[in-house]
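The values are calculated or read from the model by the stated rules, or taken from the named source; none is laboratory data. Only a predicted model underlies this, so the values are computations on that prediction, with no experimental measurement involved. When we count neighbours, we look across all protein chains shown, and the Cβ atoms used for this are built from the backbone with ideal geometry, even at glycine. Quick note on the areas: whole protein, heavy atoms, side chains included, nothing else; ligands and nucleic acids left out. Shrake-Rupley method; radii C 1.70, N 1.55, O 1.52, S 1.80 Å.
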Amino acid sequence: MSDREKWQLVAGWLRQARHTVAFTGAGISTESGIPDFRSPGGIWSQSQPVLYQDFLAGAEARHEYWRQKSHAHADFAAAEPNQGHRVLAQWEARGWLEALITQNIDGLHQAAGSRKVLELHGTARAIACLSCPARFDPDPLVQQFLETDVVPECPECGGLLKHATISFGQPLPADVLQDAMDRSRGCDLFLAMGSSLVVEPAANLPRVASSSGARLVIINREPTDQDDLAEVVLRAGIGDTLMGIDEIAVSDR
Ligand code: NAD
């Protein structure tokens, strides 16, 4: 089947489905200039992530964490939503998309206008104290770190400061994960895109949707372990693919 025929199929499902959920990973933001983790040239070809336990245990790990995050901050701060983000926001506005579950921490779905966004891995658009409820704008704290090379402490209580993202080894927010599980179980169309589908428990959601009877569509440049579960696999760029599906879905109205 050609990609265009697949777009037609997915556009038809999108119009018919009663509960559609989109699930995004780092791949939707590469077209905004933010590198993903696992593509060649991705973040992990340059440095290893700092585990949460190491962050808590030692000043050296915290310094490495802040070094990595401050480096990535410039990419995040300058990035703008792309076509893919915008199409998903339009689908929600038209009532075609019930919820968007993302593994991303860049805030670009909200910047594009999506409202019902479940951020499984938190957000890099805030810095949180691990000892008190204080949250801060990252810009001045990252700037302070870059100028002084000293890891900042919470100005309110002296506690450890960390981006409001979920590090490896850190539990996911239970309420967000439960909501994502419920929506995956209850939807009839699940669109997974830009994810290598290996980071658990997020990677379990397409499996849950598929085993609960939803149609699964996977849009990803590289193969994933769940391609066999999908009714349609589009091995192509997300922006062009979503635009193609959108044009057909709109013209069918
Ligand atoms: P991943 O890096 O493991 O996989 C990304 C996948 O997207 C790859 O398989 C790649 O082939 C595909 N891809 C890249 N660009 C694409 C495009 N334009 N069109 C179609 N496919 C494309 O990412 P993941 O599965 O999201 O898991 C990694 C973790 O990385 C997540 O926990 C996430 O929090 C974090 N992360 C987030 C960002 C971000 O917020 N933008 C960036 C890097 C990593």
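What to note about this one:
- Against the criterion of solvent-accessible heavy-atom surface with a 1.4 angstrom probe, His71, His121 sort, most first, into His71, His121.
- Longest to shortest principal axis, alpha-carbon extents of the chain, angstrom: 57, 31, 31
- Think of it as helices only: each DSSP H run of n ≥ 4 in the chain is worth -39500 (n - 2.57), and spread over all residues that comes to -12500 deg cm²/dmol at 222 nm.
- Leu205, Leu9, reordered so the largest accessible area comes first (probe 1.4 Å): Leu9, Leu205
- The chain - percent relative contact order, Cα under 8 Å, separation 6 or more: 25
- Shape category assigned to segment 183-234 from the gyration tensor of Cα positions, a/c cut at 1.5: oblate
- Result for the chain in a Gaussian network model with C-alpha springs under 10 Å: among Thr148, Thr20, Thr102, the largest mean-square fluctuation is at Thr148.
- Charge dipole magnitude, Cβ of K and R +1, D and E -1 - segment 101-224, Cα centre, debye nearest 20: 620
- Rounded to the nearest 10 degrees, the inclination of helix 3-16 to the longest alpha-carbon principal axis of the chain is 90 degrees.
- Accessible area of the chain belonging to carbon and sulfur atoms, whole % at 1.4 Å probe: 49
- For the chain, the longest principal axis of the C-alpha atoms and the axis of helix 83-93 are separated by about 70°.
- Think of segment 1-103 as a dipole: +1 on every Lys or Arg Cβ, -1 on every Asp or Glu Cβ, centred on the Cα centre; then among Gln90, Thr24, Thr102, Gln90 lies furthest on the positive end.
- Average accessible surface for segment 1-146: 48 Å² per residue, computed with a 1.4 Å probe over protein heavy atoms with every protein chain in place.
- Pairwise Cα distances in segment 114-196 exceed 16 Å for 64 percent of all pairs.
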